[in-house]
Amino acid sequence: MRPFGYAAPATVEQAVGLLAAEGSEALAGGTDLLSLLKDDVERVDRLVALRGVAGLSGIELDDGMLRIGAMTTLQELRDHDGAIAALPALAVAIDGVASPQLREMGTIGGDLLQRPRCWYYRRGFGLLALTADGRSMVAEGDNRYHAIFPAGQARFVNPSSLAPLLVALGAEAVVHGPAGERRLPVEALYQAPQTAGERENTLAAGDLLVGVEANVAGSRSAVYEVRQRRSLDWPLMAAAVTLAGSGPRAEKARIVLGHAAPVPHVAAAAGDLLSGQELTSETVAAAANAAVEDARPMSGNRYKVQLARTAVRRALGQAAGMEI
Amino acid sequence: MTDDAKRSGFSRRSFLRGGAAGALSGGLATGLLTGEAGAAAATDAEAAETVGPGPVEIELEVNGATHRLTVEPRVTLLDGLRDRLDVTGPKRVCDRGTCGACTVLEDGRPIYACSRLMIESAGRSITTVEGLGSPGAMHDVQQAFVDHDAQQCGYCTPGFVVATAALLARHPAPSEPEIEAGLGGNFCRCGTYKGIRAVVAGGKGGGVSGG
């Protein structure tokens, strides 16, 4: 790793002040950032360590409102019986990170804001991976794990384990910046960059993700991940669904795909199709088809369209508690 | 936090130490996500001071002994243990938080030492395979690895032993899925998994208990 400075603020305000300076980067669990620094994919002048910042860790469940501090580790969340009982799909999403060491080190904020796994990005070709004359290395190269919903030249996928579920729940992110605290939907943390200088998240200099909040009362959620193997790896495709209402009818359905697009992909048409409907094998299959209707796979990832259909179908079945 | 470490100019005002999550999660109602906890903490310039990139004095406990040393912030816990403290049980293999050969316990919790900066472990307690037991007084898990011939080339073994001790501390009699999940962060290229499963499989392991 190249040399860098290090600051360990005690308060959110101090952290925000430090992060506002150019070349500063927040350090949470470090499992992703240190690898990027070792590989010289990213460079920093100063790391701002969040481990000692007061008020960033912990879990609260209050009248159906779940609040998770950004520095809470995945294992701490997994061990919180109240949170898991209120939202069993959390256990599926966390257990997908199939390494105790990564669950102990990795944080909620770090999971949400980890950098893409795109192998062109990880080899130093940038998030858009364009050649000098503007052609896409992804489109013309090996894109088996890339987006089936590319957004312009952004063809990587969002790798977060928790984002699809949180977006399906309509969760809010709490961000503290130089101008104070603000709340935004979790999906608004993400963007598909279109120029070389842009990132895949919308946080500005000095912004710190403080935590997330989700209303987990009265809705049924499920996460279904499709993996190449059972051991430690990212899924090929993931679907998260949230159904409002009880019984076979869904008052409202939210369907979100992970590992499918540069951002957590909200399959709005599929959700709308199911909202107010009874869940049957027919309506679920129709929703699964609608979820991939506008997919635009590339040369090597057509198989992911079928994985997405299957993941949506199985997640819906699990959320509704039915065999589909 | 010790006074010595504070004098080093490097204090760790950890609000939530490893292992305290369960106890704290019920009592956080005043601070979490409201900024109150942050505002309540004293805002002092020392804590927000930037140190490095040159060497910084830190203090940490390794296998029961307190060490004070100076390291650049970029030095990982793994490299600091091996190259500075001559604690070479944790192995440098992938160096990217994937293979598990560098597994150590930090305040009792299993972590990848390659993916933690040593400065981040200041004020904390590290246990490596050397700290579990010695050749003359082996930890149950170490003895069970010998009894079950659960190693071949041996390079992944120190990490596996530490991860196994952590797994058994959490699940004294783990089920098959718990074994898979509990050791899912460690790889053995020789394929000694059968012996390692025998180590962990409770009674079959000869009364192995967690660390």
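The values are calculated or read from the model by the stated rules, or taken from the named source; none is laboratory data. Quantities reported herein were computed from a predicted structural model and do not represent experimental measurements. No Cβ is skipped: glycine too gets one built from the backbone with ideal geometry, and neighbour counts run over all protein chains shown.
Taking the conditions (1) closer than 30 Å to B:N186 by Cβ; (2) touching a strand residue (DSSP E or B) at 6+ places or on another chain (Cβ under 6 Å); (3) within 14 Å of another protein chain (Cβ to nearest Cβ) in turn, A:M237 satisfies each one other than (3).
Being within 21 Å of the chain's Cα centre (by Cα) and closer than 21 Å to B:A122 by Cα is the filter here, so list the residues in region A:31-50 that pass it. Across region A:31-50, the qualifying residues are A:T31, A:D32, A:L33, A:L34, A:S35, A:L50.
To keep it simple, each residue is scored yes or no on (1) free of Cβ contacts under 8 Å to residues at least 12 places away in the same chain; (2) under 14 Å from A:P100 (Cβ atoms); (3) assigned to a loop (DSSP other than H, G, I, E, B).
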| position | (1), (2), (3) |
| --- | --- |
| B:G159 | no, yes, no |
| B:F187 | no, yes, yes |
| B:C190 | no, no, yes |
| B:G195 | no, no, no |
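Counting only residues that are touching a helix residue (DSSP H, G or I) at 6+ places or on another chain (Cβ under 9 Å), free of Cβ contacts under 8 Å to residues at least 40 places away in the same chain and farther than 11 Å from B:H139 by Cβ, region B:161-176 holds 5 of them. The sole residue among A:L56, A:L36, A:L61 that is surrounded by 24 or more Cβ atoms within 10 Å (Cβ to Cβ) and either facing chain B (nearest Cβ under 9 Å) or modelled with pLDDT of 95 or more (or both) is A:L56. With respect to the stated conditions, A:S231 fails to be of a type in the set (S, T, Y) and either under 15 Å from A:A163 (Cα atoms) or surrounded by 20 or more Cβ atoms within 10 Å (Cβ to Cβ) (or both).
Determine whether region B:156-175 contains at least one residue that is more than 12 Å from chain A (Cβ to nearest Cβ), touching a strand residue (DSSP E or B) at 6+ places or on another chain (Cβ under 7 Å) and closer than 30 Å to A:R230 by Cβ. No, the conditions are met nowhere in region B:156-175. Residue check: is A:A315 buried (at least 23 other Cβ atoms within 10 Å of the Cβ) and either closer than 23 Å to A:I148 by Cα or touching a Phe, Trp or Tyr at 6+ places or on another chain (Cβ under 9 Å) (or both)? Yes. Which members of region A:117-130 meet the condition of being under 18 Å from A:A192 (Cβ atoms) and in a loop (DSSP other than H, G, I, E, B)? Scanning region A:117-130 gives A:R117, A:C118, A:F125, A:G126, A:L127, A:L128, A:A129.
Would you confirm, using the coordinates I've provided, whether A:G218 is away from chain B (no Cβ under 14 Å) and at positive phi? It is true that A:G218 is away from chain B (no Cβ under 14 Å) and at positive phi. Counting only residues that are farther than 15 Å from B:E61 by Cβ, surrounded by 24 or more Cβ atoms within 10 Å (Cβ to Cβ) and more than 9 Å from chain A (Cβ to nearest Cβ), region B:103-135 holds 1 of them.
The requirement of being at pLDDT 95 or above, surrounded by 24 or more Cβ atoms within 10 Å (Cβ to Cβ) and of a type outside the set (D, E, K, R) is fulfilled nowhere in region A:119-126; no residue meets it. Looking only at residues of region B:63-90 that are among the hydrophobic types (A, V, I, L, M, F, W, C) and out of contact with any helix residue (DSSP H, G or I) (no Cβ under 7 Å at 6 or more places or on another chain), we find that the one that is nearest to the other protein chains (Cβ to nearest Cβ) is B:L85. Selection over region A:188-212 of residues that are buried (at least 20 other Cβ atoms within 10 Å of the Cβ) and of a type in the set (D, E, K, R) gives a count of 2. Those strands (runs of 3 or more DSSP E) of region A:131-231 in which 3 or more residues are within 18 Å of A:V266 (Cα to Cα) occupy A:219-226. If we keep just the residues of region A:174-193 that are touching a helix residue (DSSP H, G or I) at 6+ places or on another chain (Cβ under 6 Å) and under 23 Å from A:L257 (Cα atoms), which is farthest from the other protein chains (Cβ to nearest Cβ)? Checking each candidate, the answer is A:E187.
Just to be sure before I move on: is A:T242 free of Cβ contacts under 8 Å to residues at least 24 places away in the same chain, among the polar types (S, T, N, Q) and either touching a helix residue (DSSP H, G or I) at 6+ places or on another chain (Cβ under 9 Å) or under 30 Å from A:P100 (Cβ atoms) (or both) in the structure I sent? When the stated conditions are applied, A:T242 does not pass them.
Residues that are of a type outside the set (G, A, S) and more than 27 Å from A:G124 (Cα to Cα) within region A:6-44 comprise A:P9, A:T11, A:V12, A:E13, A:Q14, A:V16, listed in sequence order.
Residues that are touching an Asp or Glu at 6+ places or on another chain (Cβ under 6 Å), of a type outside the set (S, T, Y), in contact (Cβ under 8 Å) with a residue 40 or more places away in the chain and assigned to a helix (DSSP H, G or I) are absent from region B:122-138 altogether. Every condition in (1) of a type outside the set (G, A, S); (2) within 8 Å of chain B (Cβ to nearest Cβ); (3) touching a Lys or Arg at 6+ places or on another chain (Cβ under 7 Å) is met by A:Q14 except one, and the failing one is (3).
Residues in region A:26-66 that are in contact with a strand residue (DSSP E or B) (Cβ under 6 Å, 6 or more places away or on another chain), on the phi < 0 side of the Ramachandran plot and not aliphatic (A, V, I, L, M): A:G29, A:R46, A:S57, A:E60.
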